[in-house]
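Trainee: If you scroll down you'll find the structure; I have some questions about it.
The values are calculated or read from the model by the stated rules, or taken from the named source; none is laboratory data. What you see is a predicted model; the values in this text were computed from it and never measured. No Cβ is skipped: glycine too gets one built from the backbone with ideal geometry, and neighbour counts run over all protein chains shown.
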Amino acid sequence: MRLIFGSKVIKVEVLDEKDRLLVTSEKGFTLPQNMMSDEDSIVIIKGRDLPELDRNTIVSVVTTTKRADRIKYPGAVSMSMDTQLNVKILHSNDSQLLKERRRYFKVKVVESGRALFYVRDEKTVRFEEPVEIKMLDINVGGVFIACEDNEFMENDLVCLDINLFIDNPLNAAARVLRVQRNADGSIQGYGCEFQGLTAAQEDLIGRYILKVQTEIRAKKTGLDERFS
């Protein structure tokens, strides 16, 4: 897998000249080793039911890294079939680091999950049954959760099981950094920092965030086209 700025590329998108999304791929892509040089380079995307574009159609290729760097390259279609799209990168010195670059993107969501146990003052407290929680936002660095059935304290280390994907939930430890309260003093939720995430867990969170962002962009694009 290609590295850009020292971070693995986890997603490739192809946009038309009006920056409308044509193709998105998280697995079936090949990036050239010379992508950042002035030499000819080809991005290859394989899949099913890909749009068939005319040769030399001007497009942009956007790569997204695990660290959330998004880089946009000008390109032109060199081959297009319903199972494969080849894009030639043009004038790579015109590549653009997109303004929305941020080390940790945060997305607001509502997902269900469970607290399995927590550690307080080196003592492990186990629940008879997992306690239900709601995830209200997430980024690669941490998560904000709400819990009606148990009160946590700052510095508690909570073992969470969160339904990011149906077939692949996230099981991770998170330390409570703050207890957020409403104006009446009631607890609104807990701002937590993930502890000791593996590379696979970071990838899982990154893929989930990108999925949510893609859904938001698609919804916004649909609304824009509807009312344009």
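Trainee: Could you list, in sequence order, all residues of the stretch 122-152 that are surrounded by fewer than 18 Cβ atoms within 10 Å (Cβ to Cβ), of a type in the set (A, V, I, L, M) and without any contact (Cβ under 8 Å) to a residue 40 or more places away in the chain?
Mentor: Scanning the stretch 122-152 gives a single hit, Val125.
Trainee: Looking at (1) at pLDDT 70 or above; (2) surrounded by fewer than 12 Cβ atoms within 10 Å (Cβ to Cβ); (3) more than 23 Å from the chain's Cα centre (by Cα), can you tell me which one Ala76 breaks?
Mentor: Exception for Ala76: condition (2).
Trainee: Given the condition at pLDDT 90 or above, of a type in the set (Gly, Ala, Ser), more than 30 Å from Thr24 (Cα to Cα) and assigned to a strand (DSSP E or B), answer yes or no: does some residue in the stretch 183-196 qualify?
Mentor: Yes: one or more hits.
Trainee: Look through Gly196, Gly185 and report the one residue that is on the phi > 0 side of the Ramachandran plot and out of contact with any strand residue (DSSP E or B) (no Cβ under 8 Å at 6 or more places or on another chain).
Mentor: Gly185
Trainee: Could you run through the stretch 181-190 and say how many residues are farther than 12 Å from Met135 by Cβ and surrounded by 12 or more Cβ atoms within 10 Å (Cβ to Cβ)?
Mentor: 2
Trainee: Out of all the residues in the stretch 9-40, which are exposed (fewer than 15 other Cβ atoms within 10 Å of the Cβ), in contact with a helix residue (DSSP H, G or I) (Cβ under 9 Å, 6 or more places away or on another chain), of a type outside the set (Gly, Ala, Ser) and modelled with pLDDT under 85?
Mentor: If the condition is that a residue be exposed (fewer than 15 other Cβ atoms within 10 Å of the Cβ), in contact with a helix residue (DSSP H, G or I) (Cβ under 9 Å, 6 or more places away or on another chain), of a type outside the set (Gly, Ala, Ser) and modelled with pLDDT under 85, then Asn34, Asp38, Glu39 are the ones that fit.
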